[in-house]
Number of protein chains: 2
Amino acid sequence: MSSVNVGLIGFGTIGSGVAKILIEDADLIENKLGRPINLKKIADLDIETPRPVQLPPGLLTREVKDVLGDPDIGIVIELVGGYEPARTFVLEALAAGKHVVTANKALLARHGREIFEAAAANHVDVLYEAAVAGAIPIIRGLKEGLTANRIDYLFGILNGTSNYILTKMTREGVEFAQALAEAQERGYAEADPTFDVEGVDTAHKLAILIGLAYGLQVDLDDIHVEGISGLDPIDIRFAEEFGYVIKLLAISSQDGGRIEARVHPTMLPADHLLSDVNGVFNAIHVHGHAAGDLLFYGRGAGRMPTAGAVVADVIELARAIRTGAAGRVPPMSWASTRGADLKPRPMSEVETTYYFRFSALDKPGVLSRISGVLGEHRISISAVIQKGREQAGAVPIVMLTHEARESDVRRALDELDRLDVVRGRTVVIRVEDRLR
Amino acid sequence: MSSVNVGLIGFGTIGSGVAKILIEDADLIENKLGRPINLKKIADLDIETPRPVQLPPGLLTREVKDVLGDPDIGIVIELVGGYEPARTFVLEALAAGKHVVTANKALLARHGREIFEAAAANHVDVLYEAAVAGAIPIIRGLKEGLTANRIDYLFGILNGTSNYILTKMTREGVEFAQALAEAQERGYAEADPTFDVEGVDTAHKLAILIGLAYGLQVDLDDIHVEGISGLDPIDIRFAEEFGYVIKLLAISSQDGGRIEARVHPTMLPADHLLSDVNGVFNAIHVHGHAAGDLLFYGRGAGRMPTAGAVVADVIELARAIRTGAAGRVPPMSWASTRGADLKPRPMSEVETTYYFRFSALDKPGVLSRISGVLGEHRISISAVIQKGREQAGAVPIVMLTHEARESDVRRALDELDRLDVVRGRTVVIRVEDRLR
């Protein structure tokens with residue numbers, strides 16, 4: 001049986017894992033597919049550094065054209081990462097009539113439309129299971145498993161670095177900086193962790209999930225993004241007293257109107273499964289109108305978990321090549337993208353419940369002044385903790401609210417932060433009470 | 001755009017949910033697919049009883065030939081259940097060149113090979129996402145998401161009725177009979193619950209998962225099956241003292257040699273996610289050599305969750321019809337089924353850890369006699385609880401073992417149950433320590 005030839009661009013961590021599976025598990029793959037998959041070329045600027053896989057001679061090249069220009073190669077795996085030259089490589093591969101597998105969430109979040117249009121124009125497919133949540137087959141889940149479901153809401157823990165740091169802060173009560181340093185030591189965080197801890201990576205992945213769930217091409221700028229670098233362990237402890245755990249969540253929902261798209265630290269009920277997702281693990285909670293609650297859990301990063309997802313895409317494409325089934329599923333699962341340009345609801349119009357921590361002077365009447373201002377802005381309080389004696393002249397007053405509107409909260413806090421009895425900035429964390 | 005015509009056989013709970021989605025969510029489906037899906041006929045012996053869906057006139061028929069004999073119908077949904085006449089209907093549909101969607105685990109577990117061979121011979125597909133774990137897309141997960149993974153082991157909570165009963169026994173300390181009665185009252189258990197509570201339904205589903213994970217057609221008779229009807233709440237409480245929760249698990253694993261295939265009440269570490277799967281929910285924990293740990297969680301039964309999975313299969317087939325991609329993925333994911341006739345390891349050769357509860361006379365030296373007999377059979381003890389004064393002359397002695405072989409355990413217990421200091425039958429529950 002004729003083999004399917006594959007070219008790989010990018011021989012870093014994931015790339016070496018992909019080569020390892022394609023070579024060491026060739027038997028398994030041939031048994032699944034009915035024919036072999038042949039890794040024909042690997043292009044990388046660095047062909048010197050040893051990788052943890054034994055390659056047959058002649059596979060490695062510095063020239064990307066050895067992959068893109070080889071007419072025998074039907075599937076190109078792009079694992080360069082970032083916007084350029086990854087975008088150019090992918091577009092060139094598509095123009096040459098090659099199918100593409102990529103794990104590049106940044107590329108798809110920013111240039112997805114251009115890439116998918118190029119794929120359609122050339123009658124080839126772009127698969128990207130590894131771009132979101134690593135080993136978890138959530139892309140397939142949304143593209144094919146949940147096609148008959150309207151997605152009411154979707155919550156994701158999509159960044160292992162942030163989740164590792166939050167888990168450490170929660171379990172050990174340490175500050176963000178210390179947890180980050182440990183994550184860096186263990187190789188779970190990069191030297192510049194901004195992308196991960198400030199929620200940018202999570203937003204890229206959310207943009208892709210929204211495309212799949214709602215057929216909506218969302219601009220990254222229209223996703224509200226807050227990271228975890230400003231989190232104080234004291235709020236994790238107060239959350240616990242209220243029965244909550246803090247996670248960095250990607251949130252999207254639709255209740256008939258516009259969709260919500262936001263990334264921020266969120267308080268979740270401690271008994272919800274997402275609250276038990278610890279360390280570098282990822283998870284996605286999806287609520288479908290027919291399915292009800294679903295949860296997908298697994299490793300969101302790492303050489304082999306991600307490589308396994310990449311190779312699954314390669315096998316899917318090889319199966320499509322065998323049966324001539326290119327274009328079987330639209331890249332984002334939607335054949336018709338009516339309303340694809342609709343923007344998500346602005347953050348100011350979002351309604352949710354809130355946690356506030358005020359640093360207030362320990363004087364009579366303070367609580368009444370704070371709750372008075374909140375009330376004037378239609379924000380009602382569901383729980384309060386006020387305890388401890390003053391530290392530097394101020395005590396924490398901690399509150400949970402009933403559902404309120406973000407714009408009202410912003411206005412109320414601006415007013416409260418100007419009160420003479422409130423010191424410093426008030427801490428605001430959103431609470432997710434739909435996860436009961 | 002021409003529509004895809006679908007016929008439904010079986011208008012019960014799931015069937016009415018399928019009709020509801022196909023009719024009420026026709027817009028969503030057309031947006032995904034790019035063309036409409038048209039539910040053309042529904043065959044059921046009972047066309048009188050009202051169902052919770054508004055049908056256009058002329059859809060219902062008593063005659064199954066109105067579906068099977070209609071050349072315009074390209075996809076047949078079989079929701080009759082059981083072996084016959086479901087088997088005949090499915091084979092007739094395939095012989096007529098129609099694709100089939102079924103949720104019938106019993107049929108596939110027993111007659112899967114015959115049905116899949118008929119599908120291949122007729123160049124059509126049989127999809128069955130709803131046959132295992134209802135709304136959870138685990139079939140697709142194994143067929144396409146994890147194709148690049150060797151499955152080291154797989155644990156499933158696959159029967160909502162049993163899990164509901166176990167959850168109730170665990171939370172409320174009630175006896176099996178009482179928990180079952182409540183499950184029946186709420187419609188979670190049938191009048192004759194044997195299939196569910198004795199593990200038969202779970203074994204059917206495990207047989208299907210094993211086919212997907214290992215390419216192995218396992219005989220139902222080669223799966224070791226124990227149900228939950230004999231469980232005593234006292235063992236649930238002792239499990240808790242050791243840090244375990246008892247679940248009815250489907251277990252399969254492969255460590256290079258033969259696979260294991262068994263269904264029985266199992267003690268799981270209380271902090272494992274599977275231990276938090278409560279009520280009627282299902283979950284599958286899969287460990288892949290590349291992916292590591294994965295968990296899929298959701299509703300395993302019920303009208304709409306199951307119907308959503310059925311309709312997802314219908315959409316996949318409609319996409320395949322559009323692109324001429326029938327036969328794209330082999331029915332069990334394996335193109336080559338070398339070793340498909342290999343039998344699972346016999347239960348007597350399985351090695352695991354065990355929980356024993358002896359009813360022993362409260363006399364000096366009893367513990368030493370019991371542990372002596374165990375030692376003679378190469379069974380070593382890792383923990384013991386002996387407490388409480390005698391009830392009816394006997395006290396419970398509870399033990400956990402290190403890894404031991406089932407045949408040794410059986411021989412040791414036969415010997416122990418004959419000792420004059422041991423009263424009644426010893427309770428044996430297997431412990432799953434791989435789930436750490």
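The values are calculated or read from the model by the stated rules, or taken from the named source; none is laboratory data. Here the structure is a predicted model, which is why all the values come from computation and not from measurement. Positions of Cβ are backbone-derived with ideal geometry, glycine not excepted, and every protein chain shown enters the neighbour counts.
Summary of values
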{"read-out": "Residue in region B:264-277 that is closer than 24 Å to residue A:137 by Cβ, aliphatic (A, V, I, L, M) and either at the interface with another protein chain (Cβ under 8 Å from one of its Cβ atoms) or without any contact (Cβ under 8 Å) to a residue 12 or more places away in the chain (or both) present", "value": "yes"}
{"read-out": "Residues located in region A:316-333, provided they are of a type outside the set (Gly, Ala, Ser) and either more than 16 Å from residue A:123 (Cα to Cα) or more than 8 Å from chain B (Cβ to nearest Cβ) (or both)", "value": "A:317, A:321, A:331, A:332"}
{"read-out": "Members of region B:334-354 found to be hydrophobic (A, V, I, L, M, F, W, C) and more than 7 Å from every other protein chain (Cβ to nearest Cβ), listed by number", "value": "B:340, B:342, B:347, B:350"}
{"read-out": "Only one of A:231, A:216, A:220 that is in contact with a Leu (Cβ under 7 Å, 6 or more places away or on another chain), within 19 Å of residue A:158 (Cβ to Cβ) and of a type outside the set (Phe, Trp, Tyr)", "value": "A:216"}
{"read-out": "Any hit, region B:242-250, residues being in contact (Cβ under 8 Å) with a residue 12 or more places away in the chain, basic (Lys, Arg) and part of a helix (DSSP H, G or I)", "value": "no"}
{"read-out": "Every pair of residues 6+ apart whose Cβ atoms lie under 6 Å, when the first sits in region A:161-172 and is closer than 15 Å to residue A:190 by Cβ while the second is among the aromatic types (Phe, Trp, Tyr)", "value": "A:161/A:188; A:164/A:188"}
{"read-out": "Unmet criterion (only one of (1) in contact with a strand residue (DSSP E or B) (Cβ under 9 Å, 6 or more places away or on another chain); (2) under 17 Å from residue A:102 (Cα atoms)) for residue A:117", "value": "(1)"}
{"read-out": "Filtered residue count, region A:378-436, keeping only those that are within 34 Å of the chain's Cα centre (by Cα) and part of a loop (DSSP other than H, G, I, E, B)", "value": "10"}
{"read-out": "Lone unmet requirement of (1) at negative phi; (2) surrounded by fewer than 22 Cβ atoms within 10 Å (Cβ to Cβ); (3) within 14 Å of chain B (Cβ to nearest Cβ); (4) modelled with pLDDT of 95 or more for residue A:373", "value": "(3)"}
{"read-out": "Test: residue in region A:113-134 that is at pLDDT 95 or above, on the phi > 0 side of the Ramachandran plot and small (Gly, Ala, Ser)", "value": "yes"}
{"read-out": "Looking only at region A:51-78, and only at residues there that are within 14 Å of chain B (Cβ to nearest Cβ) and part of a strand (DSSP E or B), the one that is surrounded by the most Cβ atoms within 10 Å (Cβ to Cβ)", "value": "A:77"}
{"read-out": "Hey, residue B:49 under 30 Å from the mean Cα position of the chain (by Cα) and either closer than 28 Å to residue A:334 by Cβ or free of Cβ contacts under 8 Å to residues at least 24 places away in the same chain (or both) or not", "value": "no"}
{"read-out": "Single residue of region A:167-197 satisfying the filter (over 24 Å from residue A:237 (Cα atoms) and among the acidic types (Asp, Glu)) that is surrounded by the most Cβ atoms within 10 Å (Cβ to Cβ)", "value": "A:190"}
{"read-out": "Members of region B:136-163 that are more than 14 Å from the chain's Cα centre (by Cα) and either in a helix (DSSP H, G or I) or more than 30 Å from residue A:37 (Cβ to Cβ) (or both)", "value": "B:140, B:141, B:142, B:143, B:144, B:145"}
{"read-out": "Restricting region A:302-315 to residues that are within 16 Å of the chain's Cα centre (by Cα) and crowded, with 24+ Cβ neighbours inside 10 Å, the residue that is nearest to the other protein chains (Cβ to nearest Cβ)", "value": "A:305"}
{"read-out": "Selection from region B:346-377 of residues that are farther than 17 Å from residue B:239 by Cα and either among the small types (Gly, Ala, Ser) or part of a strand (DSSP E or B) (or both)", "value": "B:348, B:351, B:360, B:361, B:365, B:368, B:371, B:372, B:375"}
{"read-out": "Region A:312-345, residues that are hydrophobic (A, V, I, L, M, F, W, C) and either farther than 30 Å from residue B:34 by Cα or part of a helix (DSSP H, G or I) (or both)", "value": "A:312, A:314, A:315, A:317, A:318, A:320, A:321"}
{"read-out": "Pick from region B:278-301, criterion of a type in the set (Val, Ile, Thr) and touching a strand residue (DSSP E or B) at 6+ places or on another chain (Cβ under 6 Å), ranking: nearest to the other protein chains (Cβ to nearest Cβ)", "value": "B:286"}
{"read-out": "Sole residue being buried (at least 16 other Cβ atoms within 10 Å of the Cβ) and either touching a His at 6+ places or on another chain (Cβ under 6 Å) or touching a residue at least 60 places away in the same chain (Cβ under 8 Å) (or both), chosen from B:40, B:32", "value": "B:32"}
{"read-out": "Answer from B:30, B:48 - the residue that is part of a loop (DSSP other than H, G, I, E, B) and of a type outside the set (Gly, Ala, Ser)", "value": "B:48"}
{"read-out": "Residue B:293, sole failed condition from (1) assigned to a helix (DSSP H, G or I); (2) without any contact (Cβ under 8 Å) to a residue 12 or more places away in the chain; (3) of a type in the set (D, E, K, R)", "value": "(1)"}
{"read-out": "Filtered residues of region A:1-27 (kept if of a type in the set (A, V, I, L, M, F, W, C) and either in a loop (DSSP other than H, G, I, E, B) or farther than 22 Å from residue A:68 by Cβ (or both))", "value": "A:1, A:11, A:21, A:26"}
{"read-out": "Scan of region B:348-391 for residues that are of a type in the set (A, V, I, L, M, F, W, C), free of Cβ contacts under 8 Å to residues at least 60 places away in the same chain and in contact with a strand residue (DSSP E or B) (Cβ under 8 Å, 6 or more places away or on another chain), ordered by number", "value": "B:366, B:367, B:370, B:374, B:379, B:381, B:384"}
{"read-out": "Long-range neighbours under 6 Å by Cβ, at least six apart or interchain, first residue in contact (Cβ under 8 Å) with a residue 24 or more places away in the chain within region B:2-25, second of a type in the set (Asp, Glu) and in a strand (DSSP E or B)", "value": "B:9/B:78"}
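Let's see how each residue does on (1) of a type outside the set (A, V, I, L, M, F, W, C); (2) touching a helix residue (DSSP H, G or I) at 6+ places or on another chain (Cβ under 9 Å); (3) not assigned by TED's automatic domain parsing to the domain that holds residue A:205:
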{"position": "A:278", "(1), (2), (3)": "yes, yes, no"}
{"position": "A:290", "(1), (2), (3)": "no, yes, no"}
{"position": "A:294", "(1), (2), (3)": "no, yes, no"}
{"position": "A:307", "(1), (2), (3)": "no, yes, yes"}
{"position": "A:312", "(1), (2), (3)": "no, yes, yes"}
{"position": "A:333", "(1), (2), (3)": "yes, yes, yes"}
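Residues checked against (1) hydrophobic (A, V, I, L, M, F, W, C); (2) in contact with a Gly (Cβ under 8 Å, 6 or more places away or on another chain):
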residue: B:226; (1), (2): no, yes
residue: B:235; (1), (2): no, no
residue: B:242; (1), (2): yes, no
residue: B:280; (1), (2): yes, yes
residue: B:293; (1), (2): no, yes
residue: B:301; (1), (2): yes, yes
residue: B:306; (1), (2): no, yes
residue: B:311; (1), (2): yes, no
